[in-house]
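The values are calculated or read from the model by the stated rules, or taken from the named source; none is laboratory data. The model shown is predicted, which means the values in this text are computed figures rather than measured ones. As a convention, Cβ positions derive from the backbone with ideal geometry for all residues, glycine included, and neighbour counts pool all protein chains shown. Just the protein is used for accessible areas: all its heavy atoms, side chains included, with ligands, DNA and RNA removed. Shrake-Rupley method; radii C 1.70, N 1.55, O 1.52, S 1.80 Å.
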Amino acid sequence: QVQLVESGGGLVQAGGSLRLSCAASVRTFNSYVTSWFRQAPGKEREFVAAINRSGGSTTADSVKGRFTISRDNAKNTVYLQMNSLQFEDTAAYYCAARSSIFIATTSNGYDYWGQGTQVTVSS
């Protein structure tokens, strides 16, 4: 069983930056594909970014050029650096992991989820 704990959310003004962290309870975390999803009130959960075991990554078009996903295998942690934040980025952000070499961009492709961290961007 993998436990994921997100941190780093908060309130930020438009144009600002935040870095989210996702810490895992297993030392083999580097073998998991890990992703960030977000869900705004009244909307479906949407894919944001993912990173595989070799460091390859993909990001959603809506955040490309602003958000960067990375991982520190020594710390069993995946990060989401969010720059140039916009009001539309306001959502609960969730970390998810799957024991596969392939990246999935839909939420049903993931086995493990964190509890979420809130990001609020003021306009």
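Residues of region 77-90 that are closer than 16 Å to Glu6 by Cα and open to solvent by 80 Å² or more (accessible area, probe 1.4 Å): none at all.
Restricting attention to region 17-32, and to residues there that are modelled with pLDDT of 95 or more and more than 14 Å from Gly114 (Cα to Cα), which single residue is most open to solvent (accessible area, probe 1.4 Å)?
Across region 17-32, the extreme among qualifying residues is Arg19.
Looking at Ala50, Ala74, Ala40, Ala14, which is the one that is on the phi < 0 side of the Ramachandran plot, of a type outside the set (D, E, K, R) and crowded, with 16+ Cβ neighbours inside 10 Å? None of the other options fit; the residue is Ala50. In region 91-109, which residue that is more than 16 Å from Glu44 (Cα to Cα) and either of a type in the set (A, V, I, L, M, F, W, C) or open to solvent by less than 20 Å² (accessible area, probe 1.4 Å) (or both) is nearest to the chain's Cα centre (by Cα)? Ranking the qualifying residues of region 91-109, first place goes to Ala97.
Figure legend. Inter-residue proximity from region 62-74: first residues touching a residue at least 24 places away in the same chain (Cβ under 8 Å), second residues open to solvent by 50 Å² or more (accessible area, probe 1.4 Å), beta-carbon distance below 6 Å, spacing 6+ or different chains. Indicated pairs: Ile69/Ser57; Asn73/Asn30.
Cβ-Cβ contacts under 7 Å between residues 6 or more apart (or on different chains), taken from a first residue in region 104-123 that is among the hydroxyl-bearing types (Ser, Thr, Tyr) to a second residue that is part of a loop (DSSP other than H, G, I, E, B), are listed as Ser107/Arg45; Tyr110/Ala104; Tyr112/Val2; Thr117/Gly8; Thr117/Gly9; Thr120/Thr90; Ser122/Ala14; Ser123/Ala14. Which one is most open to solvent (accessible area, probe 1.4 Å), of the residues in region 54-71 that are polar (S, T, N, Q) and under 17 Å from Gly8 (Cα atoms)? Ranking the qualifying residues of region 54-71, first place goes to Thr68.
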